[in-house]
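Below: one structure, written as structure tokens.
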Amino acid sequence: MRVTRRYRFAASHRLHSAALNEDHNRELYGKCSNPYGHGHDYVLDVTAIGPADPASGQVVHVATLDRLVSEAVLKDFDHRYLNADLGEFQALVPTSENIIRVIEDRLTAHWPDAFPGEWPRLEGIRLRETRRNVFELKS
Amino acid sequence: MLITRRAEFSASHVCAQRTLSPEQNKQLYGAAANPNGHGHNYVLEVTLEGEPDPVTGMVFDLKKLKELIQQAVIDPMDHRFLNYEVPPFDKIVPTTENVAAEIWRRLEPHFQAGRAHLNNVRLYETEDLYVDYAGLVAEDLG
């Protein structure tokens, strides 16, 4: 059984690669490369998988998942300029593809502390940059 | 091919185990353990899988699916207090997980013979929390 919990964070970013010249950046990233950045209300769906505990009826203790996501992701990502405020994006362009990888790495790293047993496991995450742009990663 | 029908019902529940103390239930279920219960607008998505009938062009008659969902789920659960009025939730805790599995058990027998079979039950408790249940698969056995 899978349980999916939805989280939200607001963050700004700028798509600009130091490896490319200004014209190339402009051509590749368009207005996403505007020098002062811009923001999105990101929606993050986190899916846990496992058996429902026969006594509690729960696959995942949602409050524990909330704490994990809050500590590992939201507290650093929410209301931040990703390029400037997060170490991971000092040398990595914060495209949604890269953001979802960083989030997955962070969740995977902290998962065993929050859920030390065999279950639940992280099944995957989905990141919605806008209603029209959605990214998914299976763990 | 997958086809999905959506339905909604509103119900109240309380998540607590009789064998646990109020403090233990609060620890496990949070506000959902408040003794007099609370309610949700549940959203149910029932997904069938099959190939379209070459004559009708349909995997399953969605009108018939709507009626099945109505009879098996909506009529017995809508505007009810699940713990008191909808077995087996007099005996097991009506978490979203257990309600989704119960909905699967109620619907699945209707899809054993025909060309469409039940692929997934998705139950939203809120916009921010949903459960997918696809029958007893490996991970459900632990």
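The values are calculated or read from the model by the stated rules, or taken from the named source; none is laboratory data. For clarity, every value in this text was computed on a predicted model and none was experimentally measured. Here Cβ is always computed from backbone atoms with ideal geometry, including for glycine, and neighbour counts include all displayed protein chains. Quick note on the areas: whole protein, heavy atoms, side chains included, nothing else; ligands and nucleic acids left out. Shrake-Rupley method; radii C 1.70, N 1.55, O 1.52, S 1.80 Å.
Determine if region B:54-62 includes at least one residue that is touching a helix residue (DSSP H, G or I) at 6+ places or on another chain (Cβ under 9 Å) and either crowded, with 16+ Cβ neighbours inside 10 Å or touching a residue at least 60 places away in the same chain (Cβ under 8 Å) (or both). Yes, the conditions are met somewhere in region B:54-62. So, in region B:63-112, of the ones that are within 17 Å of residue B:38 (Cβ to Cβ) and of a type in the set (Asp, Glu), which residue ends up least open to solvent (accessible area, probe 1.4 Å)? Filtering region B:63-112 for residues that are within 17 Å of residue B:38 (Cβ to Cβ) and of a type in the set (Asp, Glu), the one least open to solvent (accessible area, probe 1.4 Å) comes out as B:78. Going by what's in this entry, would residue A:57 be described as without any contact (Cβ under 8 Å) to a residue 24 or more places away in the chain, open to solvent by less than 50 Å² (accessible area, probe 1.4 Å) and under 29 Å from residue B:123 (Cβ atoms)? So residue A:57 passes the test. Restricting the search to region A:124-139, which residues are open to solvent by less than 40 Å² (accessible area, probe 1.4 Å) and within 14 Å of chain B (Cβ to nearest Cβ)? Passing the criteria: only A:124.
Among the residues of region A:68-84, just one is within 15 Å of the chain's Cα centre (by Cα), exposed (fewer than 14 other Cβ atoms within 10 Å of the Cβ) and either within 12 Å of another protein chain (Cβ to nearest Cβ) or closer than 22 Å to residue A:16 by Cβ (or both), namely A:79. Identify the residue in region A:6-19 that is touching a Leu at 6+ places or on another chain (Cβ under 8 Å) and open to solvent by 50 Å² or more (accessible area, probe 1.4 Å) and, among all such residues, is farthest from residue A:119 (Cα to Cα). Going through the qualifying residues, I end up with A:8. Does region B:104-129 hold any residues that are assigned to a strand (DSSP E or B) and among the aromatic types (Phe, Trp, Tyr), and which are they? B:124, the sole residue that qualifies.
Residues that are more than 8 Å from the chain's Cα centre (by Cα), open to solvent by less than 20 Å² (accessible area, probe 1.4 Å) and among the aliphatic types (A, V, I, L, M) within region A:96-112 comprise just one, A:107. Among the residues making up region B:22-50, those that are open to solvent by 20 Å² or more (accessible area, probe 1.4 Å), small (Gly, Ala, Ser) and within 14 Å of another protein chain (Cβ to nearest Cβ) are B:30, B:31, B:32. Output yes when any residue across region A:24-46 is open to solvent by less than 50 Å² (accessible area, probe 1.4 Å), touching a helix residue (DSSP H, G or I) at 6+ places or on another chain (Cβ under 9 Å) and of a type in the set (A, V, I, L, M), and no when none is. Yes, region A:24-46 contains at least one residue that is open to solvent by less than 50 Å² (accessible area, probe 1.4 Å), touching a helix residue (DSSP H, G or I) at 6+ places or on another chain (Cβ under 9 Å) and of a type in the set (A, V, I, L, M). Taking region A:13-23 as the range and being within 15 Å of residue A:95 (Cβ to Cβ) and either hydroxyl-bearing (Ser, Thr, Tyr) or part of a loop (DSSP other than H, G, I, E, B) (or both) as the test, the residues that pass are A:14, A:15, A:16, A:17, A:18, A:19, A:20. Checking the stated criteria, residue A:63 turns out to be without any contact (Cβ under 8 Å) to a residue 24 or more places away in the chain and either more than 20 Å from residue B:130 (Cβ to Cβ) or over 13 Å from the mean Cα position of the chain (by Cα) (or both).
Taken together, the criteria place residue B:101 among residues that are in a helix (DSSP H, G or I), among the small types (Gly, Ala, Ser), closer than 29 Å to residue A:47 by Cα and within 14 Å of another protein chain (Cβ to nearest Cβ). When you go through (1) small (Gly, Ala, Ser); (2) more than 18 Å from the chain's Cα centre (by Cα); (3) modelled with pLDDT of 95 or more one by one for residue A:39, which number turns out not to apply? The failed condition is (2).
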